[in-house]
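Have a look at this one.
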Amino acid sequence: MDRLLDAAAAEFNASGVSGASLAQIARKVGLTRAAIYYYVESREDLAFRCYRRACAATAADLAAARKAATGLERIHAFIERTLAPTRAPAVVLSEIECLTDAQRAEIEAAHGRNIDTLRRFVRDGIADKSIRECDPELIAQAIFGMVSWTPLAGEWSEGTGETVRRHAAQSIADLISDGVAADPAYPFACPLDVASLTFQPGNTFDRGAASAMKVELLLKTASRLFNRRGIDGTSVDDIAQALGATKGAFYHHMEDKDTLVVECHRRELDLSEKIADAAGAAGKNGLERALFGLHLLTQAFASDVAPLSPLTGVEALPAKARAAIRRRGQALAARYTQYNRDGIKDGTYRKFDVRTLAVTGAGAFSWIPKWRTDGDPRTPRQIADEMTALFVRGIRRRA
């Protein structure tokens, strides 16, 4: 059963639950497609078992890590265990809305307990003085986001997916502890607002501009729902209802749901490229260029700008669109790798695995839509300030 769940987890991460090939999963473990149903009742049941096993593994890792002496050491132990290179990558908890109500409640409760434990490690560290004063919720979620992003590294790193996964534990633990700045007291403030880089409404009386505004609203609404519920857990009916529109209005602008998903990816990449340009222009050194990008991206994912969080399912996209999206994503990762290398060259970065950071670090902000609720009292800018502080100096308490 473990081999079946390992194969399913990899396929669900690549293609999403509905886009996954059960035949391919079966071939990987020497079964026929029909034989899978001796072990599980349905595709959704297989996903549920993968999610349940992932939550149980995380809980076991946290329980083992609790034996460490300080809060910071517990966080290190958890990261090292959960990203051990000998372990098969876990499924990313991105599509739980496709489960039954009872299954979804079980997974949400198990995941909630794990985040509570990770949050407690941060609070323990603040109490035992191994961790500085910080936002325990944000730090716990950032850690989980980076850990969750690691199995997807191959999608966004050109030929370095295995390398990233092999070095991820050390890189993430190093970042969480001490940040990347050579000077942990480096003063950084971001005056830029991501809203200035987003779609700007045109003349509502111009037919073309009015149509563009409707498409933007559709993409933003769909992205927000996809981020929260997963692509498989969000239907065209859900999107139309959120818009207060009919399905007919949806199909007036989009050929089908697959086309919508591709356009949401393109919208996210368009914004991310504008952010990388703005960061490159605003930063006077490598560290600042990376931090401007991080701050603006965090603002975006923590706000109603709502770019699509590219977690799972890329492999299920049409081949031509998939290749273009992956190429643009890899180019963005390469730009941030260069910003990081610039920082090492100009002395603003300490010695760091910059290639791994450029990929795994994206999980910190891409995971935000999964945990931030509408009633969160923190503003997007406050979340972005805390996130950049994490990347500058980490959470280790210094004398």
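Any residue at all in the stretch 340-352 that is within 18 Å of the chain's Cα centre (by Cα) and basic (Lys, Arg)?
So in the stretch 340-352, the residues within 18 Å of the chain's Cα centre (by Cα) come out as none.
No: zero hits.
Could you check the stretch 236-255 and list, in sequence order, the residues that are among the aliphatic types (A, V, I, L, M) and assigned to a helix (DSSP H, G or I)?
Filtering the stretch 236-255 for residues among the aliphatic types (A, V, I, L, M) gives 236, 239-240, 242-243, 245, 249, 254.
Within the stretch 236-255, Val236, Ile239, Ala240, Ala242, Leu243, Ala249 meet the criteria.
Take the residues in the stretch 1-47 that are part of a loop (DSSP other than H, G, I, E, B) and not hydroxyl-bearing (Ser, Thr, Tyr); name whichever of them is nearest to Pro318 (Cα to Cα). Let's see the steps before the verdict.
Initially, the stretch 1-47 is screened for residues part of a loop (DSSP other than H, G, I, E, B), giving 1, 20-21, 29-33, 39-42.
Then keep just the ones that are not hydroxyl-bearing (Ser, Thr, Tyr); that gives 1, 20, 29-31, 33, 40-41.
Working: Met1: 31, Ala20: 13, Val29: 26, Gly30: 27, Leu31: 27, Arg33: 23, Val40: 28, Glu41: 28 Å.
For the stretch 1-47, the residue satisfying everything is Ala20.
Can you pull out the residues in the stretch 39-67 that are touching a Phe, Trp or Tyr at 6+ places or on another chain (Cβ under 9 Å), more than 18 Å from Ala20 (Cα to Cα) and not acidic (Asp, Glu)?
Thr58, Leu62, Ala64, Ala65, Arg66
Further, regarding this structure: For Glu80, state whether it is within 19 Å of Val314 (Cα to Cα) and open to solvent by 20 Å² or more (accessible area, probe 1.4 Å).
On the way: within 19 Å of Val314 (Cα to Cα): no; open to solvent by 20 Å² or more (accessible area, probe 1.4 Å): yes.
Taking the combined requirement at face value, the residue does not satisfy it.
Looking only at the stretch 340-352, decide whether some residue is open to solvent by less than 50 Å² (accessible area, probe 1.4 Å) and at pLDDT below 90. Break it down stepwise before answering.
Restricting attention to the stretch 340-352, the residues satisfying the condition of being open to solvent by less than 50 Å² (accessible area, probe 1.4 Å) are 340, 342-343, 347-349, 352.
Remaining after also requiring at pLDDT below 90: 352.
So far as the stretch 340-352 goes, yes, one or more of its residues are open to solvent by less than 50 Å² (accessible area, probe 1.4 Å) and at pLDDT below 90.
Take the stretch 263-277 and flag every residue that is open to solvent by 50 Å² or more (accessible area, probe 1.4 Å) and within 15 Å of Ala362 (Cα to Cα). Give the derivation first.
Filtering the stretch 263-277 for residues open to solvent by 50 Å² or more (accessible area, probe 1.4 Å) gives 263, 266, 270, 273-274, 277.
Listed by number, the list holds a single entry, Glu273.
Does any residue of the stretch 256-277 turn out to be over 22 Å from the mean Cα position of the chain (by Cα), part of a helix (DSSP H, G or I) and of a type in the set (Gly, Ala, Ser)?
no
Output the qualifying pairs, or none if there are none: Cβ atoms under 6 angstrom, residues six or more apart or on different chains, first residue in the stretch 223-235 and β-branched (Val, Ile, Thr), second residue surrounded by fewer than 24 Cβ atoms within 10 Å (Cβ to Cβ) and modelled with pLDDT of 90 or more.
If the second residue must be surrounded by fewer than 24 Cβ atoms within 10 Å (Cβ to Cβ) and modelled with pLDDT of 90 or more, the pairs left are Thr234/Leu225.
Can you find even one residue in the stretch 56-71 that is at pLDDT 95 or above, buried (at least 21 other Cβ atoms within 10 Å of the Cβ) and closer than 30 Å to Arg224 by Cα?
Looking for residues that are at pLDDT 95 or above, buried (at least 21 other Cβ atoms within 10 Å of the Cβ) and closer than 30 Å to Arg224 by Cα, one finds at least one in the stretch 56-71, hence yes.
Right, something else. Counting only residues that are modelled with pLDDT under 95 and buried (at least 16 other Cβ atoms within 10 Å of the Cβ), how many does the stretch 369-399 have?
The total comes to 4.
Now for a different question. Counting only residues that are of a type in the set (A, V, I, L, M, F, W, C) and within 13 Å of Glu95 (Cβ to Cβ), how many does the stretch 3-50 have? Full working, then the answer.
In the first step, residues of the stretch 3-50 are kept if they are of a type in the set (A, V, I, L, M, F, W, C); the result is 4-5, 7-10, 12, 14, 17, 20, 22-23, 25-26, 29, 31, 34-36, 40, 46-48, 50.
Narrowing the set further to residues that are within 13 Å of Glu95 (Cβ to Cβ) leaves 8-9, 12, 14, 17, 20, 46-48, 50.
Final tally of qualifying residues: 10.
Might you let me know whether the stretch 184-207 holds any residue that is open to solvent by less than 80 Å² (accessible area, probe 1.4 Å), of a type outside the set (Gly, Ala, Ser), closer than 26 Å to Ser148 by Cα and out of contact with any Phe, Trp or Tyr (no Cβ under 6 Å at 6 or more places or on another chain)?
Yes: the stretch 184-207 contains one or more residues that are open to solvent by less than 80 Å² (accessible area, probe 1.4 Å), of a type outside the set (Gly, Ala, Ser), closer than 26 Å to Ser148 by Cα and out of contact with any Phe, Trp or Tyr (no Cβ under 6 Å at 6 or more places or on another chain).
In the stretch 56-67, how many residues are in a helix (DSSP H, G or I) and either under 17 Å from Arg120 (Cα atoms) or among the acidic types (Asp, Glu) (or both)? Before the answer, list the steps.
To start, the set of residues in the stretch 56-67 that are in a helix (DSSP H, G or I) comprises 56-65.
Now restrict to residues that are either under 17 Å from Arg120 (Cα atoms) or among the acidic types (Asp, Glu) (or both): 58-65.
Qualifying residue count for the region: 8.
Note down all Cβ pairs under 6 Å where the first residue falls in the stretch 87-110 and is in contact (Cβ under 8 Å) with a residue 24 or more places away in the chain and over 15 Å from Leu46 (Cα atoms), the second is charged (D, E, K, R) and assigned to a helix (DSSP H, G or I), and they're at least six residues apart or on different chains.
Ala88/Asp6
Take the conditions touching a Pro at 6+ places or on another chain (Cβ under 8 Å) and closer than 22 Å to Thr198 by Cβ and apply them to Ala331. Does it pass? Please lay out each step first, then the result.
Details: touching a Pro at 6+ places or on another chain (Cβ under 8 Å): no; closer than 22 Å to Thr198 by Cβ: yes.
The answer is no for Ala331.
So, in the stretch 181-197, of the ones that are in a loop (DSSP other than H, G, I, E, B) and under 25 Å from the mean Cα position of the chain (by Cα), which residue ends up farthest from Arg350 (Cα to Cα)?
Going residue by residue through the stretch 181-197, those that are in a loop (DSSP other than H, G, I, E, B) are 182-193.
With under 25 Å from the mean Cα position of the chain (by Cα) added as a condition, the list becomes 188-193.
Values: Phe188: 16, Ala189: 20, Cys190: 21, Pro191: 25, Leu192: 25, Asp193: 28 Å.
Out of the qualifying residues, it is Asp193.
Shifting gears a bit: Looking at this structure, is Gly233 open to solvent by less than 20 Å² (accessible area, probe 1.4 Å), at pLDDT below 85 and outside any helix (DSSP H, G or I)?
Here the answer is yes, as Gly233 does meet what is asked.
Of the residues that sit in the stretch 91-138 and are closer than 23 Å to Tyr51 by Cβ, of a type in the set (Asp, Glu) and open to solvent by less than 50 Å² (accessible area, probe 1.4 Å), which one is nearest to the chain's Cα centre (by Cα)?
First, pick out the residues of the stretch 91-138 that are closer than 23 Å to Tyr51 by Cβ: 91-121, 137.
Retained after the next criterion (residues that are of a type in the set (Asp, Glu)): 95, 97, 101, 106, 108, 116, 137.
From what is left, the residues that are open to solvent by less than 50 Å² (accessible area, probe 1.4 Å) are 95, 137.
On the way: Glu95: 13, Glu137: 16 Å.
For the stretch 91-138, the residue satisfying everything is Glu95.
The values are calculated or read from the model by the stated rules, or taken from the named source; none is laboratory data. This is a predicted model, so every value here is computed, not measured. No Cβ is skipped: glycine too gets one built from the backbone with ideal geometry, and neighbour counts run over all protein chains shown. We work out accessible area using only protein heavy atoms, side chains counted, and drop any ligands, DNA or RNA first. Shrake-Rupley method; radii C 1.70, N 1.55, O 1.52, S 1.80 Å.
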